[in-house]
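Structure first, commentary second.
The values are calculated or read from the model by the stated rules, or taken from the named source; none is laboratory data. Please read all numbers here as calculations on a predicted model, not as lab measurements. Cβ placement follows ideal geometry from the backbone for every residue including glycine, while neighbour counts extend to all protein chains displayed.
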Amino acid sequence: MTKIKFRTPSTYDLAVAKTGVPFTYVDADGVTWGTFIVSLFNLDSKFVRIALERFARENKEVVEKLEGEYVRGVFTFVNVCLHGWDIVDENGKPVPFTRQNAFDYFEAIDDQTMFNALVEFAQDKSNFKHDPRATKDEEAKN
């Protein structure tokens, strides 16, 4: 007798959640700060828990040296869930994405509101759904 593998419904697309989606941060004054590519950061997800555990294990010494819970949180988020960005420097030139640049950026701007909005977006599973209509719309444009 063959064992049946049943499909269990999911509230998000795992592939989308792993590769990330764009999030554009616009502050309360309507100023756009940039677009960030973030993956799911919800502890209800097994793959997120595993990624965080692996990161914590492999980077324990580095994380312990960072001062403050907020800075450790930024460092972890940047290394686990941030995959790219579209931001510019003070001269309007694109800043290349690296994990170090991202960590330096969040430290330099010293704006927890923006970072919190980014994390809040990454925690919402509904932001990581695959929409087949979007793919069809893109194909129709080509």
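The residue pairs whose first member lies in region 104-133 and is under 14 Å from W85 (Cβ atoms), whose second member is modelled with pLDDT of 90 or more and acidic (D, E), and whose beta carbons are closer than 8 Å, counting only pairs six or more residues apart or on different chains, are M114/D27.
Taking the stated definitions as given, is V63 closer than 30 Å to H130 by Cα and either among the aliphatic types (A, V, I, L, M) or without any contact (Cβ under 8 Å) to a residue 24 or more places away in the chain (or both)? Outline the logic, then answer.
On the way: closer than 30 Å to H130 by Cα: no; either among the aliphatic types (A, V, I, L, M) or without any contact (Cβ under 8 Å) to a residue 24 or more places away in the chain (or both): yes.
So V63 does not fit the description; no.
Only residues that are exposed (fewer than 13 other Cβ atoms within 10 Å of the Cβ) and either among the aliphatic types (A, V, I, L, M) or more than 26 Å from R49 (Cα to Cα) (or both) were counted across region 78-108, and they come to 9.
Condition (residue is surrounded by 13 or more Cβ atoms within 10 Å (Cβ to Cβ), under 15 Å from the mean Cα position of the chain (by Cα), at positive phi and not hydrophobic (A, V, I, L, M, F, W, C)) applied to region 5-17: is it met by at least one residue? Scanning region 5-17, I find no residue that is surrounded by 13 or more Cβ atoms within 10 Å (Cβ to Cβ), under 15 Å from the mean Cα position of the chain (by Cα), at positive phi and not hydrophobic (A, V, I, L, M, F, W, C), so the answer is no. Exactly one residue out of F47, F55, F106, F115 is of a type in the set (A, V, I, L, M, F, W, C), within 12 Å of the chain's Cα centre (by Cα) and at pLDDT below 95: that is F115.
For region 23-34, the criterion of a residue being under 15 Å from N79 (Cα atoms), modelled with pLDDT of 90 or more and either not in a helix (DSSP H, G or I) or not small (G, A, S) (or both) is satisfied by no position.
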